[in-house]
Structures are given as structure tokens and as C-alpha cells.
1. Where the only charges are on Cβ atoms (+1 Lys, Arg; -1 Asp, Glu), what is the dipole of the chain about its Cα centre, to the nearest 20 debye?
2. Run down the lysines and flag those whose C-alpha is under 21 Å from the C-alpha of K138, throwing out any fewer than 8 positions away in its chain.
3. What whole-number distance in Å separates the alpha-carbon centres of segment 105-150 and segment 30-83?
4. Which of N80, S98, I125 sits farthest toward the positive end of the charge dipole of segment 34-137, with +1 on the Cβ of Lys and Arg and -1 on the Cβ of Asp and Glu?
5. For segment 27-39, take each phi angle, set θ = phi - 60°, evaluate the Karplus expression 6.51 cos²θ - 1.76 cosθ + 1.60, and give the result in whole Hz per residue in order, putting x for glycine and proline.
6. How long are the three semi-axes of the equivalent ellipsoid of the chain, in whole Å, if each is the root of 5 times an eigenvalue of the C-alpha gyration tensor, listed from largest down?
7. Tell me, M99, M1, M22 in order of fewest to most beta-carbon neighbours within 10 Å?
8. Any idea how far apart N113 and E4 come out in nm if each label point goes 7 Å out from Cα toward Cβ?
Amino acid sequence: MKEEDLIAEISHEFFHHIQYEMAGNKSALHGGVFPWWLEEGLAESVSAPFKTEGRIKLHEANLLRLIRENSLLDWKDISNPEQVTPRDFLIGYDQGWSMVDYITNLFGKEKRNQWLELIASGESINSAYEQIFGVSFKQLDKEWRNYLKE
Ligand SMILES: [Zn+2]
């Protein structure tokens, strides 16, 4: 692994520590409150400034392919890491990353973090979403898919 890739990797893994602490020291694999795609999506999104241009381009190409092939997944299929298939595993990173970026761009980091804190306090992802952003996660998912197609 190249040194610049290693820095992005460390940033990703370090973020998981913060996240697991928020979630009562539990990851999605051990019954934590954050769905798996959100854990990986956040870690990918926050470590993006440390990623190489090549890695960012690969992420964008992966997303474009998923859209073209109409193979974006249902969030419920990438929520429990034990039920994620090897193929969906890779998609989960790119799809989660894209959704976290979308939410962050739309509402800002502060609101996004309030949403995460609410989930960490035991609220469901849907209920927390409605409380902080005033729309349903289902609606957001629809808008995100339309946004990707543009
Ligand atoms: Zn990770």
C-alpha cells in the first residue's frame, strides 16, 4: 500500500473508533445502533480529503456503473453486515459514502452530526431523520436516486 493510501485508511479506521464510542462501543456487527452502510459511508466520507485522486475517481466510476446497471441496493440489504453478500459488500461502501456526502452537502455537517447523535441515543434512523431534517428517509432516498441520475 502506498503511503498516501495508508493515511486515508488510518483516517477511515480512526473514525470508526469515534463512531463505536458514540454507539456504546458497539459496531453494526455487534448490535450497534448505526446501520452498516452508515458506518462505512461515514468513514469513507470523512476520510475522503485524505484519499488519492485515483481512489476518488474509482468511487465515482463505481457509482456511475451502479446507476447505469440499475443495481443500487436497498438500504435494508446493507444494514446488517452479517447478511451482506460479498458483492454487495463493495457496493455498500460506495453507496453509503455517496448518501453521506449527499446528506452533508444538503444539510451541513452540524445537522448531519445532530442526526447521528440522535441515532446514537437509540432513535431509529428514520425517526431521527424526520426529527432533524423534517422529511422521511424514504423521501430522501428517492431524491438521492434522482440526483444521481442527473
Ligand atoms: Zn470501515
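1. Here the chain has a charge dipole of around 380 debye.
2. The qualifying lysines are K76, K109, K111, K149.
3. 16 Å
4. Of the candidates, S98 comes out farthest on the positive side.
5. Karplus values, whole Hz, x for Gly and Pro: 8, 4, 5, 10, x, x, 7, 7, x, 4, 4, 6, 4.
6. In descending order the semi-axes read 22, 20, 15 Å.
7. Working: M99 22, M1 7, M22 18.
So the residues, fewest neighbours to most, are M1, M22, M99.
8. Using points 7 Å along Cα→Cβ, the separation is 2.8 nm.
Every read-out reported here was derived from the displayed coordinates using simple, explicitly stated rules and does not represent laboratory data. Here the structure is a predicted model, which means the values were calculated and not measured. Note that each Cβ is placed from the backbone with ideal geometry, even for glycine, and that neighbours are counted across all protein chains shown.
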